[in-house]
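Structure first, commentary second.
The values are calculated or read from the model by the stated rules, or taken from the named source; none is laboratory data. Since the model is a prediction, treat every value here as computed from it, not as a measurement. Cβ: placed from backbone, ideal geometry, glycine included. Neighbour counts: every protein chain shown. Surface accessibility is based on the protein's heavy atoms, side chains included, excluding ligands, DNA and RNA. Shrake-Rupley method; radii C 1.70, N 1.55, O 1.52, S 1.80 Å.
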Amino acid sequence: MQQNRPDLGAPASFTFPKPRRVTVGGGTIVALDVPGQQLASLRLVHPFGGAVEPLDAMGVSALTSEALEDGPGGNSSLAPALERHGAEWIARVNWDGFITGLDAPTNRLGEAVHLFADAVRRPALNPDDVVRRREQLLERFWLDASSASTLAMRSLGGQLFTGRYATPLAGGPVKLANITPETVARFHADSIASVAGTLVVVGDLANVDLEELGRIVFGDAARAPERQTTEPAPPPGDQPRVLIVDRPGSVQSALVIAHRAPSRSQVDLPRAEGIGEILGGMFTSRLNMELRERLGYTYGAGSRFDLRRDSGVFFMSTQVEAGTTAHSVTSSLEQVNKLRDQGVTEDELSTVRESNTVGLPVTYSTARAMAGALVDMVVHDLPDDNVDRIRAGYEKLTAEDLNTAAVEYLRPEEAVVVVVGDADSLREPLAKTGVGPVEVRTPESLWS
């Protein structure tokens, strides 16, 4: 018997839970009690990401993060020890934060946290382990760079910034190779072991003593210093411009078109990310419809913002057949200018609103997702109701909001174009686009 599909009801309203803040010694705990959530997520945030590394030790935070996984006993001992308590080690570094953590059953959290604290505060950091981790990172750097799209993204920083951002987060192959076990030990002692940080805890916390958790994790470590931010300097040379990273004989090109953007605190996120989604953040975005559906140049094209504490980047990216590279660049820029000149449609406005509000109960249905939202608040000094503020911003978004955002946040006149592909066949067509002067580099010369 055929049944009719039921009508959709009104979307469920969503309010992000209000976290509890507890000060313990030199550290702060930001906790969310989620009754029934038996898998807890714990994240320790230190304000020492790649952006504050000295230029003679670029990549030290990424290498230290890797080395911590060797544990207090060394030789990759941490993961098996945590597994005995059903816990999983988490570690990542971004430009603005050094983040460690674990996911563990709430009834085993106490035992797992003792191991976690030892791993963070008292790791072995055996020189042989550190060298092994460094060689693995170097090998992974070039392995990842064998992907043309990854290489294009890693080449972007030097076209937009002078200083630390000009080199990839992991330090680049030359700088990373120069980091010694002694450098890692010094960074760990000064920036991780002796600094309490902020501890994020999410899960069913009915039987969890947060203050005891804080005493275990923070120990006698000092309060994190206030981080001073200054806008990074631009690179020398003209903008717009084109960089070709030469891959002789390549039949495809990976291209990125990018410009600098304001910092996270300077951006109205619903307006900025909303216009970014319309341009390239959805399957029905302008870039995808033009480059994929109409022209048939690519399997997909996208755009997004990468917002940091002191600056940001907006970029568009795709991979195309080599012969269509120049037209893909001009077509992408035409879509940006069309959006700036003509504005958004009501359908685009409706899609942006719904995609950023209707699914929130599912988006934040796990402890890990909620912990991620809290980490973002900690790293960027955002208010506890940040998720609700963003939701409300999307709910009241208007076409005019997005139209002004297109003019404010999309700046094609400042764009740089990075293309990874065959320079011999690409140089002349790209020069004829009139975007800007064309430079050719080899991958090995980018970070020397």
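If each DSSP helix of 4+ residues adds -39,500 (n - 2.57) and the sum is divided by the residues in the chain, what number results at 222 nm, nearest 500 deg cm²/dmol?
-11000 deg cm²/dmol
Around Gly71, with a cut-off of 11 angstrom between Cβ atoms, what is the net charge of the other residues, counting Lys and Arg +1 and Asp and Glu -1?
Charge balance in the 11 Å sphere: -3.
Sort the following peptides by mean Cβ neighbour count (other Cβ atoms within 10 Å, averaged over residues), highest first: 330-343, 410-423.
Peptide ranking by packing, descending: 410-423, 330-343.
Between Glu212 and Arg411, what is 0.36 nm times their sequence separation minus the Cα-Cα distance? Round to one decimal in nm.
Length gained, Glu212 through Arg411: 66.6 nm.
Using amide H atoms built 1.01 Å from N in the peptide plane, name the residues 5+ places from Phe16, or on other chains, whose amide H lies under 5 Å from its own.
Hits under the 5 Å cutoff: Asp388.
For a quick check of understanding: with a 1.4 angstrom probe and all protein chains in place, what accessible area in square angstrom does Tyr364 have, to the nearest ten?
Ignoring ligands and nucleic acids, Tyr364 comes out at about 50 Å².
In the stretch 344-359, whose amide N lies under 19 Å from the spot 7 Å out along Cα-to-Cβ of Thr404? List them in ranges.
344-346, 349-350, 353
So if I place +1 on the C-beta of Lys and Arg and -1 on the C-beta of Asp and Glu, and nothing else carries charge, what would the dipole magnitude of the chain be about its Cα centre? I want it in debye, nearest 20.
The calculated dipole for the chain is roughly 160 debye.
Within the accessible area of the chain, what % is carbon and sulfur when the probe is 1.4 Å and the other protein chains stay in place?
Of the solvent-accessible surface of the chain, carbon and sulfur hold 49 percent.
Once phi is turned into ³J(HN,Hα) by the Karplus curve 6.51 cos²θ - 1.76 cosθ + 1.60 with θ = phi - 60°, what whole-Hz value does each residue of the stretch 114-130 show in order, with x for glycine and proline?
Taking θ as phi minus 60°, the curve returns 4, 5, 4, 4, 5, 5, 7, 8, 10, x, 5, 6, 4, x, 5, 5, 5 Hz for the stretch 114-130.
Going from most exposed to least, what order do Ser311, Ser350 have by accessible area with a 1.4 Å probe?
Sorted descending by solvent-accessible area, the residues read Ser350, Ser311.
How much accessible area does Asp209 have with a 1.4 Å probe, in Å² rounded to the nearest 10?
90 Å²
Please work out how much length the chain gains when fully extended from Thr180 to Thr15, using 0.36 nm per residue of separation minus the C-alpha to C-alpha distance, in nm with one decimal.
That pair, Thr180 and Thr15, stretches by 54.7 nm at full extension.
Excluding ligands and nucleic acids, what accessible area in Å² is computed for Arg391 using a 1.4 Å probe, to the nearest 10?
Solvent-accessible area, nearest 10 Å²: 40 Å².
Give me the aspartates and glutamates in straight-line cross-link reach of Lys175: C-alpha distance below 15 Å, same-chain residues under 8 apart excluded.
Glu53, Asp56, Glu135, Glu139, Glu444
For the chain, list log₁₀ I(q)/I(0) at each q in 0.07, 0.10 Å⁻¹, using the Debye formula over Cα point scatterers of equal strength and ignoring solvent, two decimals each.
With no solvent term, the Cα-only Debye profile gives -0.40, -0.82.
Using the beta-carbon distance between Arg294 and Thr442 and R0 = 41 Å, what value does 1/(1 + (r/R0)^6) give for FRET efficiency, to the nearest 0.05?
So, using R0 = 41 Å, E works out to roughly 0.75.
Could you tell me the calculated FRET efficiency between Gln239 and Glu321, based on Cβ-Cβ distance and R0 = 25 angstrom, to the nearest 0.05?
0.40
Compute the label zone of Thr162 within the stretch 295-318: residues whose backbone N is under 18 Å from the point 7 Å along Cα-to-Cβ.
So the set is 311-312.
Over the chain, give the accessible area per residue in Å² for a 1.4 Å probe, as an integer.
45 Å²
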